[in-house]
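See below for the structure under consideration.
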Amino acid sequence: MMWAAASLALKWSNKPLLLVFPPILFHTAMNSAGGLLENIGRNMRQLFRSPVCWALVALTGAIHLLTEWLGGPGQRPMLGWYFEFGLSREGIFGGAFWSLLTYGLLHGSWWHWGMNALFLLLIGSRIEFVAGPAVLVRALIFGVLGGALGHLLLAPDNGVAQVLVGLSGGCMALLLVLTTLSPESRMMPLPISARSLGLGLIVASLLLSLANLALSLPAFSDLGKSLATHGLGDLFKMGHACHLGGALAGWLYGRWLLRQRISLERLRTARMRREASK
């Protein structure tokens, strides 16, 4: 890929509703028993017993530290690295299939990395503590892959090489796994359930993805124009298609975790019922 022939348009896959619904509220609200201070203390203990989350934060932080030390994402030599390991249609068409995963390890700024790292620690530590590190890693991988697919399918093509970076697809998957596994948890201080929050995030990501003015979709473009008119045009600088793909992947994985498993006890119970009905 020729650096001089393409302009780098980094799409930071930040969570659009992160500032509206701070992660600490998600994290503490999933523990309904006990008072607020007790829940915070429990969550802090879980946080420091989540080595995989800390390792991932350290890894992505080290990568971004190296990026900044070498001049930043928009300067050589890191510019070439971002084209090579960030996600873009041009890269996929050129055979860079590794970028379906590696884009999640890169970030556009310290703020971008910090938001995802905070989200990973506060939400991911809960999943790692309750369901184990294997579930955490799978959810992240599925979310990153789902986010990549969403970006490739729905992100607009503006005639420039748009490179997607960030772990937000995986973070969205973690949140949807949590809301799917505990759908009746109350999301303090909002009077909504985890199920409603998860559904709302999916719907919001879908609408914002389709409302992007660059897609010029009938009806949805009117929504995009309205948002831009009211000073919300910067919303479309975020990777909503990535968020949508990651959220859907997390929801599907959460549903799969809740599937009915066949056990010896269940087979015995079913046999007894069949024999009793004869």
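The values are calculated or read from the model by the stated rules, or taken from the named source; none is laboratory data. Note that this is a predicted model, so its numbers are computed, not measured. Reconstructed Cβ throughout: ideal geometry from the backbone, glycine too, with neighbour counts over all protein chains shown.
Per-structure values
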| quantity | calculated |
| --- | --- |
| Residue ID - surrounded by the most Cβ atoms within 10 Å (Cβ to Cβ), chosen from residues in the range 79-112 that are of a type in the set (Gly, Ala, Ser) and part of a helix (DSSP H, G or I) | Gly104 |
| The range 57-78: number of residues that are crowded, with 16+ Cβ neighbours inside 10 Å, over 18 Å from Gly114 (Cα atoms) and touching a strand residue (DSSP E or B) at 6+ places or on another chain (Cβ under 9 Å) | 0 |
| Qualifying residue in the range 250-263 (condition: crowded, with 22+ Cβ neighbours inside 10 Å, in contact with a strand residue (DSSP E or B) (Cβ under 9 Å, 6 or more places away or on another chain) and modelled with pLDDT of 90 or more) | no |
| Of all residues in the range 167-220 being closer than 26 Å to Trp113 by Cα and out of contact with any helix residue (DSSP H, G or I) (no Cβ under 9 Å at 6 or more places or on another chain), the one that is surrounded by the fewest Cβ atoms within 10 Å (Cβ to Cβ) | Val203 |
| Of all residues making up the range 154-180, the number that are modelled with pLDDT of 90 or more and part of a helix (DSSP H, G or I) | 13 |
| Those residues of the range 113-131 which are surrounded by fewer than 16 Cβ atoms within 10 Å (Cβ to Cβ) and either at pLDDT 90 or above or over 15 Å from Ser50 (Cβ atoms) (or both), in sequence order | Gly114 |
| Lone qualifier among Gly61, Gly41, Gly86, Gly71 - being modelled with pLDDT of 50 or more and at positive phi | Gly71 |
